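No lab work stands behind these numbers, since they all come straight from the coordinates. Here the structure is a predicted model, which is why all the values come from computation and not from measurement. Reconstructed Cβ throughout: ideal geometry from the backbone, glycine too, with neighbour counts over all protein chains shown.
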């Protein structure tokens, strides 16, 4: 069985609640690094990282430039920056143009993560009202990674998971709780 | 992007092609992107390659070497020109409250805005200095490696559509007047008061390859270091340290820091949130 080395998650409208449900359900000691691009207002402070950090043993923080990706951590893309993964498994940040009207762009995170983690990457698309992340999902599949979409039927906003599914690159469509249980099952 | 059955093979070849392309750009034209963070550079180059309908980065390299207009496109791709007036208003508030009172004690001020792109933040600073009564004894050097963006900066004309957001930023940054005092709107363009340019010198300067600039009291360089690897970050921070007078100030972007750099011990932290530092007097 392939050992996954990182999980990337993209979420937008309704994402706060979805991320909370997902992360809260992860088992204590869950150690695969999680990297999240959630669309936020450019002026929001690091409230999201703080909020998600309370939920369990996973240490949630905003990603810093040149920071090394560590197990047992979850990282949030800082508002108004794109988050990229470098070959040496560190983060870099950019302020280039918005992609899909978004900064951070889920596509940029997913595409750069796919090139680094290849088949050892899990990409997850949650609720959202735009098409960001669809190209990223295709690229993760191209490199042999595992791709999951939240069930659009129960997502707060179904556009983003639907767009990801329409690329043909999604392997599993699941409820939030099922996604968490699946991730937990990878640990043992 | 085009799908491939062999992404892995293509990917390692592309990595090699990118390194050769950057080497070629440096050797032929002197622009050195070899110590930029790779993920970003690769994305930009691959985008350009696709827009020009080229098959590989090697083909792009050929175009760059033989067609200067392609070099110009790539330079634009690799220089980040996303900026706004009073971007991160709290930074300018920090400058106003914590740096200006000390700058006020000098009879003459030299200020270097490095990586000024299209100039929005240079005019922001000029307005701030005017409001604080320091403009007339200041000399501002606004530099960028990209001459095309400098031309825009020199004009000081920005889209009217952005003025509303800039006005809010100006107010959040502690602006003391009505923002409309500083520009004239005509059709869809806002021309900033040419008086603001009187003490600004716009000049080409490359942080990666050029040397110490001037004996400055304040250096502002925001969201430039995030594109560099640690080696290059250290080199540029050393350059800033050497360009500042003792007690001079350095203002970086909100996600940039001197922590863990080679100049860490030579600066005091003036404002940790807004990344404003002061060179120690020793």
Which of A:98, B:197 has the fewest other C-beta atoms within 10 Å, and how do the rest follow up to the most? A:98, B:197
Could you line up B:144, B:32 from fewest to most neighbouring Cβ atoms inside 10 Å? B:32, B:144
Roughly how tilted is helix B:68-78, in degrees to the nearest 10 and between 0 and 90, from the longest Cα axis of chain B? 60 degrees
Quick one: compute a quarter of the convex hull surface over the Cα atoms of chain A and quote it in nm². 9.0 nm²
What is the mean number of Cβ atoms from other protein chains located within 10 Å of the Cβ atom of each residue in peptide B:31-39, rounded to a whole number? 4
q = 0.07, 0.10 Å⁻¹, chain B: log10 I(q)/I(0) [Debye, one scatterer per Cα]: -0.29, -0.58
If R0 is 60 Å, what FRET efficiency do you get for residue B:47 and residue A:154 from their C-beta distance, rounded to 0.05? 0.95
At what distance in nm do the modelled label points of residue B:139 and residue B:268 sit from each other, each positioned 7 Å from its Cα along Cα→Cβ? 2.7 nm
Sum of -39500 (n - 2.57) over DSSP H runs of 4+, divided by residues of the protein assembly as shown (222 nm, nearest 500): -10500 deg cm²/dmol
What number do you get for the protein assembly as shown when its Cα radius of gyration is normalised by 2.2 N^0.38 Å, N = residues? 1.02
By how many nm would the segment from residue B:72 to residue B:260 grow when fully extended, if each residue of separation counts as 0.36 nm and the alpha-carbon distance is taken off? 64.2 nm
Taking a ≥ b ≥ c as the square roots of the Cα gyration tensor eigenvalues, with a/c under 1.5 meaning rounded and otherwise prolate when a/b beats b/c, else oblate, which class fits the stretch B:105-161? oblate
Compute the FRET efficiency between residue A:87 and residue B:59 as 1/(1 + (r/R0)^6), taking r as their Cβ-Cβ distance and R0 = 22 Å, and round to the nearest 0.05. 0.45
